[in-house]
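Structure, as structure tokens:
The values are calculated or read from the model by the stated rules, or taken from the named source; none is laboratory data. Worth saying up front: this structure is predicted, and the values here are computed from it rather than measured. Please note: Cβ atoms are built from the backbone with ideal geometry, for glycine as well, and neighbour counts cover all protein chains shown.
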Amino acid sequence: MNYENKDLIFKEIPTGKTAWRSPSNIALVKYWGKTGVQIPSNPSVSFTLSKSHTDTTVHYAPSVHGNCGVEFYFDGLPNEAFAEKTRQFFSKLGNIFPFVNQLNFRIYSKNSFPHSAGIASSASGMSAIALALCDIENIHFMTFPDKDSFFKKASYVARLGSGSACRSLFGGIVEWGLTDEYPESSNYYGTPLNNKINSIFENYHDSILIVDSGEKKVSSTIGHGLMNSNPFSSTRFVQANKNIATLNNTLKNGDLNSFVKLVESEALTLHSMMMTSSPYYLLMKPGTVSIIEKIWEFRNDTSIPVCFTLDAGPNVHILYPHKYNTEVQDFIKINLLCFTADGYVINDVTGQGPEKLEAK
Ligand code: PMV
């Protein structure tokens, strides 16, 4: 897979803008550990969300100095940390989008959820920027024969910014990483799995309970790196591959008991990798554990197939089929809100993927 293209250079440098809304995603089988240039150590599968998203408008104009400048405004305020992260991302893209070095960028971004709290804000943020760059290519060079090739390249580019971001480019359920289970799978971009998925997984709910919206202490980049010396990592990668195969069957046959077991085991394994790294660390909070115990109790008492998953943070994603929405909402209100930060819950549901916005 090679997206290098030296011809993407402007003769007449334009001014313009483009805006995208891109969703976050929540992994069912987790990506944790990588090699080479953002190549995952194991395949992963995620639900694309709808309400947890980033809106990004990219203004571009000719660079007088002949090198790329980036200004970044987050929630309307200049944000130097995000500007620097974006400059680093763009510095990896010179061969894919040579025009990047001819332009200055002013980027306005806002999230519908707290950033850096273990909800994949890098996934929605990086995928929105990747979409904007592909759109600049599309508008000025018209290189994409169809929609599929546009989103595949956006997924490839998003992966270079943040691995899990490459799954945010498509709606429904998305796989990333080479596996025999899916002949079209790739280590370089995500692949939507929407054929042959059981209808129980349509409009699947994800109520995200914000236990702590503060910045996490150990970044995912460091966490991935620590997998290189984790004594359990090779066993974990074998397990993840097996889980991809099991999940493939579950997604087809709609067996929710199998789904619940697999998804919860994946979440706890992800966090056990953090606890067994050197140095070890813990991203769960007491509220995280209390919520998990309450979910187990509720599932036991009601036989409603609700389960939890965790991202790299303390917040709990509660996953359940649409038909149990009323019961689960009541359960959350009565039993779980007390463990959240100020009753903060995002009631999300699986979504259709990114959307182009009118650039203002
Ligand atoms: O995309 P990164 O490098 O931020 O890694 C995130 C990995 C997890 O969110 C913890 C799991 C996943 O597959 O999304």
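Within the range 315-339, the only residue that satisfies the criterion of being in a loop (DSSP other than H, G, I, E, B) and modelled with pLDDT of 95 or more is Pro321. Considering Thr302, Thr340, the condition of being among the polar types (S, T, N, Q) and crowded, with 17+ Cβ neighbours inside 10 Å is satisfied by Thr340 alone.
Pick from the range 141-189 the residues that are within 16 Å of Ile26 (Cβ to Cβ) and touching a Leu at 6+ places or on another chain (Cβ under 6 Å): which of them is nearest to the ligand (Cβ to nearest atom)? Checking each candidate, the answer is Glu175. Remark: pairs (first residue in the range 238-254, modelled with pLDDT of 95 or more; second residue exposed (fewer than 14 other Cβ atoms within 10 Å of the Cβ); Cβ separation under 7 Å; 6+ apart in sequence or on different chains) = Lys252/Lys196.
None of Glu266, Glu293 is within 13 Å of the ligand (Cβ to nearest atom), out of contact with any Phe, Trp or Tyr (no Cβ under 7 Å at 6 or more places or on another chain) and part of a helix (DSSP H, G or I) except Glu266. Taking the numbered list (1) at pLDDT 95 or above; (2) hydroxyl-bearing (Ser, Thr, Tyr); (3) surrounded by fewer than 22 Cβ atoms within 10 Å (Cβ to Cβ); (4) within 21 Å of Thr309 (Cα to Cα) in turn, Ser220 passes all entries but (1). Among the hydrophobic types (A, V, I, L, M, F, W, C), surrounded by fewer than 24 Cβ atoms within 10 Å (Cβ to Cβ) and touching a residue at least 60 places away in the same chain (Cβ under 8 Å): does that describe Phe150? Considered against the rule, which asks whether it is among the hydrophobic types (A, V, I, L, M, F, W, C), surrounded by fewer than 24 Cβ atoms within 10 Å (Cβ to Cβ) and touching a residue at least 60 places away in the same chain (Cβ under 8 Å), Phe150 comes out as no. The requirement of being closer than 23 Å to Phe113 by Cα, in contact (Cβ under 8 Å) with a residue 24 or more places away in the chain and more than 13 Å from the ligand (Cβ to nearest atom) is satisfied by Thr18. On the given criteria, is Leu8 touching a residue at least 40 places away in the same chain (Cβ under 8 Å), more than 10 Å from the ligand (Cβ to nearest atom) and over 24 Å from the mean Cα position of the chain (by Cα)? For Leu8, the condition - touching a residue at least 40 places away in the same chain (Cβ under 8 Å), more than 10 Å from the ligand (Cβ to nearest atom) and over 24 Å from the mean Cα position of the chain (by Cα) - is met.
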